[in-house]
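Just below is one structure, and these are the notes that go with it.
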Amino acid sequence: MRMVFRWYGEGNDTVTLRQIKQIPGVEGIVWALHDVPAGEEWPMDKIAAYKELADTYGLHLEVVESVNVHEDIKLGLPTRERYIDNYKKTIEKLASVGVKVVCYNFMPVFDWVRTDMHKELADGSTALFLEKAKIEAMDPRELVRAIAGNPDFTMPGWEPERLARLSELFDAYREVTEDDLRDNLRYFLEQIIPTAERCGIRMAIHPDDPPYSVFGLPRVVKHAADLRAILGFADSTANGITLCSGSLGVRQGNDIPAMAREFAGRIPFAHLRNVRVYENGDFIETSHRAEDGTVDMCGIVQALHETGFGGYARPDHGRHIWEEQCRPGYGLYDRALGIMYLWGIWDSLGRGKQTKREAFSV
């Protein structure tokens, strides 16, 4: 398991590369060009600037999250060809600086949905929360105002240029079924995977968050059957999945350790986080500790270990603790604690095996 840490860039993140470097076992950053609109080709000078920054601190940038997929691709419009071509060119540029994995998603309109960015837990910490009944009754524009209205931090998946077209996008998806969306994903992968293969990059689709329809929009990455179908769209190790325990974990019946075993070899990237799911469908993100949530964190890490997982992993979201002021879900402290918890599980599974690891380098 190769531990990485999501970073939003200089001037756009409260966490510094110097701090990330000090978290035991973290070897690289998970990054993206958040100021480039979905569908546009990423400029080489901006990519090179990230590479230079990462190199300065001895961190790699082998994982990108995300190269956003333009809505015209998801909708299957004729204009998708231009955006697919831009996507291919971006993949080629990323390969030139050593990128190995591109995480992406195929969620219509919204990349992820929560109703409260700072729901208080019993211990006084706060975390991302979804109230299911509220979502079912809410006008999506109200949610946009709540999430995208944060003046301090950009929120991935809630880009202003996309949300400015909210009514237009909902109209466009009105007649789009899950089968339609699935066909459009298949087409995208058929076009992209040969380029990814040639460049030595593995595409890793992220599950829907949450893994069920929201605001009537279709969702096609919800459970094992969906993942099985997607991997069949292009029979190549370049066509992989991001195993996200937090997203998949809020859907009843999703056996994530079983998925880790079934899809071993096709998981280049894992998001490891815990959530507590309530009987009414609400859920809140918790510490990574297994007993704090309803996700079998120990079982997931054990499954990855037993199948020889050598891909990248990150602690994904964390709570907001110790009065830290940060981007919702993306502070330093709780994610660093999560990393040490994950390493604790991983290392305990490896006891008795011959390993060579330098704890520190001077």
* **Evaluation of residue 351 against (1) at pLDDT below 95; (2) within 15 Å of residue 25 (Cα to Cα) (one fails), failing number** => (2)
* Every pair of residues 6+ apart whose Cβ atoms lie under 6 Å, when the first sits in region 175-201 and is under 17 Å from residue 232 (Cα atoms) and at pLDDT 95 or above while the second is of a type in the set (Lys, Arg) and not in a loop (DSSP other than H, G, I, E, B) -> 184/74
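Take residue 142 and decide whether it is surrounded by fewer than 16 Cβ atoms within 10 Å (Cβ to Cβ) and at pLDDT 95 or above. Outline the logic, then answer.
Numbers: surrounded by fewer than 16 Cβ atoms within 10 Å (Cβ to Cβ): yes; at pLDDT 95 or above: no.
No; evaluated as a whole, the condition is false for this residue.
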* Look at residue 295 and say whether it is of a type in the set (Val, Ile, Thr), in a loop (DSSP other than H, G, I, E, B), closer than 14 Å to residue 128 by Cα and out of contact with any Cys (no Cβ under 7 Å at 6 or more places or on another chain). => no
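The values are calculated or read from the model by the stated rules, or taken from the named source; none is laboratory data. Fair warning: this is a prediction, and the values are worked out from it, not measured in the lab. Backbone-built Cβ (ideal geometry, glycine too); neighbour counts: all protein chains shown.
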